[in-house]
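The values are calculated or read from the model by the stated rules, or taken from the named source; none is laboratory data. As the structure is a prediction and not an experimental result, all values here were calculated from the model. In this analysis, Cβ positions are derived from the backbone assuming ideal geometry, glycine residues included, and neighbour counts consider all displayed protein chains.
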Amino acid sequence: MRSASVFMVSCILMFFVLIHVKDVEAGLTPMGSLCGQKDIFIGRCGRDGSETCINDFVKKGGDGNRPYSCKCDNFGKKRICRCKVPC
């Protein structure tokens, strides 16, 4: 009888520990996670469109808005910049 009680109590404690760990993990975001951001700027991509897009994002939002990488596509007389920025 005593061993059955100890087993039941240990199962209940493990249940509560596992539920708590899942709640903590759900609130965490991975370090270095990136989000996509795009914007339209005047002018064409040029030879180094990626660097042009990065510079335009910095001019628009400051150095804290510096993307990690960008892809530039010409769109008429404008360009579309698709960049990866910190979330």
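For the range 46-72, which positions are in contact with a helix residue (DSSP H, G or I) (Cβ under 8 Å, 6 or more places away or on another chain) and under 17 Å from LYS84 (Cβ atoms)?
Keep residues of the range 46-72 that are in contact with a helix residue (DSSP H, G or I) (Cβ under 8 Å, 6 or more places away or on another chain), which gives 46, 57-58, 65-67, 69-72.
Once the filter is applied, which keeps residues that are in contact with a helix residue (DSSP H, G or I) (Cβ under 8 Å, 6 or more places away or on another chain) and under 17 Å from LYS84 (Cβ atoms), the range 46-72 yields PHE57, VAL58, ASN65, ARG66, PRO67, SER69, CYS70, LYS71, CYS72.
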- Item | Breaking point among (1) modelled with pLDDT of 70 or more; (2) loosely packed, with under 10 Cβ neighbours inside 10 Å; (3) among the hydroxyl-bearing types (Ser, Thr, Tyr), for THR29 | (1)
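Yes/no per residue for (1) in contact with a Ser or Thr (Cβ under 7 Å, 6 or more places away or on another chain); (2) modelled with pLDDT under 95; (3) in a helix (DSSP H, G or I):
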residue	(1), (2), (3)
ARG47	no, yes, no
ASN55	no, yes, yes
GLY64	no, yes, yes
ASP73	no, no, no
LYS84	yes, yes, no
- Just checking, how many residues over the range 41-57 are surrounded by fewer than 11 Cβ atoms within 10 Å (Cβ to Cβ) and in contact with a Lys or Arg (Cβ under 8 Å, 6 or more places away or on another chain)? 1
- Go through (1) part of a strand (DSSP E or B); (2) exposed (fewer than 14 other Cβ atoms within 10 Å of the Cβ); (3) not aliphatic (A, V, I, L, M) and name the single condition LYS60 misses. (1)
